[in-house]
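The values are calculated or read from the model by the stated rules, or taken from the named source; none is laboratory data. Note that the structure is a prediction, hence the values are computed from the model and not measured. Using ideal geometry, Cβ is built from the backbone for each residue, glycine included, and neighbour counts are taken over all protein chains shown.
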Amino acid sequence: MEPPPRLLALSPGDGRPLGPWLNALAAAGWPAVLLREKADLDEAWRPAAARAAALGLQIIVHADNPGARADPGGWPLHLPAGGPHHPAAWGRSCHSAAALDRAFAEGARYALLSPIWAPGSKPGDARPPLGPAALISAAAGRPVLALGGVDAARLGQLAAAGAWGAAVLGALATPDPGPAAVALRAAWRAAGGPSPPTPRPSADEG
């Protein structure tokens, strides 16, 4: 069984074809992706998951997608904050230390805590940012990934503070996420963050 992710890209969820986006992440050495497309769209997430896995990316699918929730097809699930437990669940979104405690008591292998900084992908979000110190305290040594406003400089701060890792949406939601992925990985390594596995293409992808 794969370990919990250290660096996790959240897919844009805007209906774009995911093939080029996944290709760019894999080429940049990015390790893991959470597919968060909420509409089935002819279950397009399934071929996207298979393609990403063939590129060597660790894949998790979001349970907000009704098809994935009903039949994850062997892929690990990520649960939304406050949603019911699911036997295929690996992780959960959380917004407080108490929610983290509940998630890990249910058997979560990792959790996302947000917002650590104001999320660039949600300019109208009025929730006060928690900040890195609150993340480290609430995580209490558990595999908790920071989410919200993470860029290369902030990722370096998280690594230096001893955070498990981070989930990134806005900085990687560009048409070509490759340069940002390279910069994020470099910042993580430079600050002493543990190295995630490098994607390895399957035999089908050469």
For this session: Would you mind finding the one in Glu106, Glu2 that is among the acidic types (Asp, Glu), touching a strand residue (DSSP E or B) at 6+ places or on another chain (Cβ under 6 Å) and under 20 Å from Ala167 (Cβ atoms)?
Result: Glu2
Exercise. Looking only at residues in the range 181-197 that are out of contact with any Leu (no Cβ under 7 Å at 6 or more places or on another chain) and in a loop (DSSP other than H, G, I, E, B), which one is nearest to Gly13 (Cα to Cα)?
Worked result: Pro197
Problem set entry | Qualifying residue in the range 36-51 (condition: surrounded by fewer than 22 Cβ atoms within 10 Å (Cβ to Cβ) and either polar (S, T, N, Q) or modelled with pLDDT of 95 or more (or both)) | no
Exercise. For the range 26-49, does any single residue satisfy the condition of being among the basic types (Lys, Arg) and in a helix (DSSP H, G or I)?
Worked result: yes
Problem set entry | Any hit, the range 6-15, residues being farther than 24 Å from Asp151 by Cβ and of a type outside the set (Phe, Trp, Tyr) | yes
Exercise. Which members of the range 56-88 meet the condition of being within 15 Å of Gly107 (Cβ to Cβ) and more than 14 Å from the chain's Cα centre (by Cα)?
Worked result: Gly83, Pro84, His85, His86, Pro87, Ala88
Exercise. Does Pro84 satisfy the condition of being surrounded by fewer than 18 Cβ atoms within 10 Å (Cβ to Cβ) and either closer than 15 Å to Leu34 by Cβ or not hydrophobic (A, V, I, L, M, F, W, C) (or both)?
Worked result: yes
Exercise. Checking Arg127 against (1) among the basic types (Lys, Arg); (2) at pLDDT below 95; (3) surrounded by 19 or more Cβ atoms within 10 Å (Cβ to Cβ), which test does it fail?
Worked result: (3)
